[in-house]
Structures are given as structure tokens and as C-alpha cells.
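What follows is a single structure, written as C-alpha cells, with notes after it.
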Amino acid sequence: MAEHGLRLRDEHDSVQKKTFTKWINAQFSKTGKTPIKDLFSDLRDGKKLLDLLEGLTETVLTKERGSTRVHSLNNVNKVLQVLHQNNVDLVNIGGTDIVDGNHKLTLGLLWSIILHWQVKDIMKDIMSNLQQTNSEKILLSWVRQCTRSYPDVNVLNFTTSWSDGLALNAILHHFRPDAFSWDQVVKMSPVERLDHAFTFAKNQLAIERLLDPEDVAVQLPDKKSIIMYVTSLFAVLPRDVSMEAIREVETLPRKYKVGAEDTQPGLSMQKEEAGSSQWPENPSTPTETEGEMEGSLLDVDLDTYQTSLEEVLTWLLSAEDTLHIQDEVSDDVEEVKEQFHTHEGFMMELTAHQSSVGNVLQAGNQLIVQGNLTEEEEEEIREQMSLLNSRWESLRVASMDRQARLHEVLMELQQQQLQQLSDWLTLTEDRIKSMETETAAKDLNIYKEKIEKHKELQNDLEAEQVKVNSLTHMVVVVDENNGESATAALEEQLQ
């Protein structure tokens, strides 16, 4: 199960790579630049990144002519400088990360660029008028406002709500109701609906096909890619957003609420939202709206219920085994980071199966309500439901306990790392100061000793770089208790 979570993150990275590549090439087509082919290799020398920023900032940016590593680093550092000048804050992304082709940080850098010029820049006027600071909340309010009259559509997020393709078509149909038949769209498969929406948007609104239908018609689509595409629609369609729509989003059930602005995803200070949708909930309350759930359970029969129950129990047994065989929490910071991310994948797996558990419980309730069971059958179903709910709750609580323990150990070890680095810096600074104030060497042997001392200092600096690199990939978990203050405090220490 944890492997599934890691695989899911790899799939999201793959989708982001493809989507971000299309977005960059769409920008290049406006300025006549040569398109890129491979995102990770083509951006390493910094030249294409400078080309991209030239178009976005409408300024001319000089590039190093050479092709050595030093030239590449100078180009990428110029990119980071331009981003800083445009108030695009990047935490601990260095030139070496991009030049070395670090996939996560390259995607993180590009998302920060996209968020600034593709999302916030397009939305800044309406955000200012409405006195709002969360672009994601505004975008979700706009989407819900556009799709309110479509009973088949209920957009609650920028992931699972888009898988069936109805939401995208509803937005387009809302503004162009005579352009295509909604009834025909409803009859299509999810992939066909998505293809229809992308094709229509390309032909009628000149919006690039940044996404492929197969990448969206999945259990958990990539959030950043969805936001990118929906913002493209927002940019060309009427964008009035009412305060009523905003208030509606603000009063959505807590599990659906839009979180804090995701300004630094994939960067070195990786923030995980504890208590958000990654934490599975007790499914005894249906995860769908009542209307959706009612529609999906009208024709429940005993055989279907038993089949679904067996599938869920088989998965549950496997999940229990996976959790049970996880290693004890390590005392090595890098191992704990790996354990933390592995368990995060496991938690995502639980969340993905939450609705399946809820559906089985609802189906059991429906069978009992229908009143077509014998007393023995009804009693058996009640026992099965009680067992399923109990096992799910035990698994959920045990998973959250492990996540909390991993978080606690991780934060403690990272704090130790920070303190050790701070202590080492103080000692090394004193050591350098002492070397600087020493009197000039009077003979060759003393001069040689000074050189040896300096070599030792250089060796120590290089050895410490390993620890510094580890610190620049910190994990900070933000929960309701510590809020953003813990992140801010750590970021300040790290700076």
C-alpha cells in the first residue's frame, strides 16, 4: 500500500512534467523560441529558463555564452535573481539543484513561476476587488458558481471532482450553452468527456491542451495540473465571482475546505497539511453528498453487497499487514524522512479507499432499510458492518498515531541538525577569525603549517556540506496546533 502511494507521487510528477512542458512551449510559441523536449535536461543550463522569464517579464536577459557547469550555474543564479526581483519567493532552491537536474526541485521552481504568472497574475485584479488573498478559494468559488445549475456536477476540490470530465464541460456549457448538447456529454465516458472539453476549449477559446484525458480520468488527478488548466479557462471567460459563492466555499465541510495557498510545493521546506484530505476519516458518514449516495445505492442487492464487502475486507487485511510490518521509527534523520514519505503514501492509500468502506456501510444500511432480509441475514449484515467499521477505525487511528510519531521524531532530529550546524558555524567562524589574526609566517615551515591548517578547514567545510544539503530538504508538518508559526520559525533558523 505504501508502494502505491509512492507510485502515485511518481505518476503526479510525470503528469506535472508533461503539463509544465506544454505550458512552457505554449509560452515559447508566443515569442518564437525553440520548444523544449525534455523538461529536466533542457532546463539544466538555465538558458531556456531565462528565455521563459524574458517572455513573462517582457525584458531582455543576458545569458552566459559558454557551456561549462560554471556558465550553467551563472545562468540559473540569474534566473533565481530575476524571480526574487519579481517577488517570487523560493525557499532554499539553489543553482546546483537545477543544474544537477533535481526533478522535485525543478518541478517546484516551475510551479512557483506558473503560480505567479499563470495563476496569481491572472487573478490579482479580482482578488483585490474582493479583498481576498487565496487564489485557490477564488478559483473554486468561480467554478462552483459556473456549475451550480448542473445537478450532475459538485466540485469540491481540484483533484477528484474533475475525474469524470463533467466539471470542465459544465463550465464551457455554462458560457456557450448553444455550442454543444449537455445531454450528449453526460452519456459519454470520462475520457471522452475530457477529450471533448479539451478539444472544444482549444478550437473555440484557443486554450492549449495542457492535459491529456488519460491523466485526469484517474482516481486522484494531479492538483497543480488541474489548477493550471482551470486558470486558463478563467483567463478567457467572464470572471465575475460573487461574495455568495465565496461564502459557500468557506462553509463547505471542513474536509473539503481549500487549504492555505500552496506557494512552495515540492521545494525544500516541504509542508504537509495534517488534518487535511490526506488524513482518512471515519466513513460511517458518507463521503459523497446525500443525492450522489442515494443514486448509487438504489439497486443494492445482497450479492453485490457481499462482493463489495469481500473486496474491502481483502484490501483492509492487506493494509493492516502493511502497517504492521513497517519498521520502527529510526533515529537517523534521513531514514525518518524516508519513513515519513512512505507512510504519507500509505495514508493516501487509506484516503483513496475511504469512500469504498463508506459505500459498503451505506449499502448494508440500505439493505436493512429495504426490509427484504430474513432476521438471520439482517443480524449477519449488522455484525459485518460493525466489524468493518471497527477495523477501519483501528487502522485509521493506528496510522495517524504513526504519522504523529514520525512527525515528532522528525522535527526533533531536524532541530538537532539545525542546532549542530549553528554550533559548528560558530566554532568555524572563530577558527577562521583566529587564522586571519595570526602573524605573518617568518619561515617556510610555519608557512607550510598554515597551508595545512587551511586545507583541514577546507576539508571540514566540504564534509559539513553533506549536512547542509540534508537541511535544505527539510520536512515541516503544519497542523492545527502549531500553525504556520512552526514553519516560519524553522525557515528563519534555516536562513
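Couple of notes before you dig in:
- Residues of region 181-197 that are of a type outside the set (Lys, Arg) and out of contact with any helix residue (DSSP H, G or I) (no Cβ under 7 Å at 6 or more places or on another chain): Ser181, Asp183, Gln184, Val186, Ser189, Pro190, Glu192.
- Among the residues of this structure, Glu310 counts as one that is open to solvent by 60 Å² or more (accessible area, probe 1.4 Å) and part of a helix (DSSP H, G or I).
- Positions within region 167-190 being open to solvent by 60 Å² or more (accessible area, probe 1.4 Å), part of a helix (DSSP H, G or I) and touching a residue at least 12 places away in the same chain (Cβ under 8 Å), in sequence order: His174
- The set of residues in region 321-373 that are open to solvent by 50 Å² or more (accessible area, probe 1.4 Å), over 23 Å from the mean Cα position of the chain (by Cα) and under 26 Å from Glu408 (Cα atoms) comprises Asp321, His324, Ile325, Asp327, Glu328, Asp331, Asp332.
- Residue check for Arg405: touching a residue at least 40 places away in the same chain (Cβ under 8 Å), within 30 Å of Asp332 (Cα to Cα), open to solvent by 70 Å² or more (accessible area, probe 1.4 Å) and part of a helix (DSSP H, G or I): yes
- In region 199-227, the residues that are assigned to a helix (DSSP H, G or I) and either touching a residue at least 24 places away in the same chain (Cβ under 8 Å) or touching a His at 6+ places or on another chain (Cβ under 9 Å) (or both): Phe200, Ala201, Gln204, Leu205, Pro213, Asp215, Val216, Lys223, Lys224, Ser225, Ile226, Ile227
- When Val236 is tested against (1) open to solvent by 10 Å² or more (accessible area, probe 1.4 Å); (2) farther than 16 Å from Leu156 by Cα; (3) out of contact with any helix residue (DSSP H, G or I) (no Cβ under 6 Å at 6 or more places or on another chain); (4) modelled with pLDDT of 85 or more, only condition (3) is not met.
Residues are listed down the side, and each one gets a yes or a no for (1) surrounded by 14 or more Cβ atoms within 10 Å (Cβ to Cβ); (2) over 30 Å from Glu338 (Cβ atoms); (3) acidic (Asp, Glu); (4) without any contact (Cβ under 8 Å) to a residue 12 or more places away in the chain:
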{"residue": "His12", "(1), (2), (3), (4)": "yes, no, no, no"}
{"residue": "Gln16", "(1), (2), (3), (4)": "yes, no, no, no"}
{"residue": "Asn25", "(1), (2), (3), (4)": "yes, yes, no, yes"}
{"residue": "Lys33", "(1), (2), (3), (4)": "yes, yes, no, no"}
{"residue": "Gly46", "(1), (2), (3), (4)": "yes, yes, no, no"}
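- Within region 323-340, tally of residues that are more than 19 Å from Met400 (Cβ to Cβ) and outside any helix (DSSP H, G or I): 3
- Annotation: of all residues in region 59-111 being of a type in the set (S, T, N, Q) and within 20 Å of Lys224 (Cα to Cα), the one that is farthest from the chain's Cα centre (by Cα) is Asn102.
- Total residues in region 98-120, condition in a helix (DSSP H, G or I), open to solvent by 30 Å² or more (accessible area, probe 1.4 Å) and not aromatic (Phe, Trp, Tyr): 4
- Hits in region 42-89 (condition: of a type in the set (Ser, Thr, Tyr) and within 22 Å of Leu107 (Cβ to Cβ)): Thr57, Ser72
- Every residue from region 77-87 that is closer than 16 Å to Glu58 by Cα and touching a helix residue (DSSP H, G or I) at 6+ places or on another chain (Cβ under 6 Å): Val79, Val82
- Of the residues making up region 83-94, just one is surrounded by 18 or more Cβ atoms within 10 Å (Cβ to Cβ) and assigned to a helix (DSSP H, G or I), namely Leu83.
- Residue within region 448-465 that is open to solvent by less than 50 Å² (accessible area, probe 1.4 Å), assigned to a helix (DSSP H, G or I) and closer than 30 Å to Gly358 by Cβ present: no
- Scanning region 17-62 for residues that are hydrophobic (A, V, I, L, M, F, W, C) and not in a helix (DSSP H, G or I) yields Ile36, Leu43, Val60, Leu61.
- Looking only at region 408-447, and only at residues there that are among the basic types (Lys, Arg) and open to solvent by 90 Å² or more (accessible area, probe 1.4 Å), the one that is farthest from Phe340 (Cα to Cα): Lys442
- Of the criteria (1) open to solvent by less than 80 Å² (accessible area, probe 1.4 Å); (2) among the acidic types (Asp, Glu); (3) free of Cβ contacts under 8 Å to residues at least 40 places away in the same chain, which one Glu376 fails: (1)
- Taking the listed residues Asp152, Asp164, Asp195, the one that is in a loop (DSSP other than H, G, I, E, B), in contact with a Pro (Cβ under 7 Å, 6 or more places away or on another chain) and open to solvent by 30 Å² or more (accessible area, probe 1.4 Å) is Asp164, with no other qualifying.
- Some residue of region 121-128 being assigned to a helix (DSSP H, G or I), without any contact (Cβ under 8 Å) to a residue 12 or more places away in the chain and among the aliphatic types (A, V, I, L, M): yes
- Residue in region 147-165 that is farthest from Ser181 (Cα to Cα), counting only those that are hydrophobic (A, V, I, L, M, F, W, C) and free of Cβ contacts under 8 Å to residues at least 60 places away in the same chain: Val155
The values are calculated or read from the model by the stated rules, or taken from the named source; none is laboratory data. Small disclaimer: the values here were computed from a predicted structure and weren't measured. Every residue, glycine as well, gets a Cβ built from its backbone with ideal geometry; the counts of neighbours run over all protein chains shown. Ligands, DNA and RNA are stripped out before the accessible areas are found, and what is left, the full protein with its side chains, is counted by its heavy atoms. Shrake-Rupley method; radii C 1.70, N 1.55, O 1.52, S 1.80 Å.
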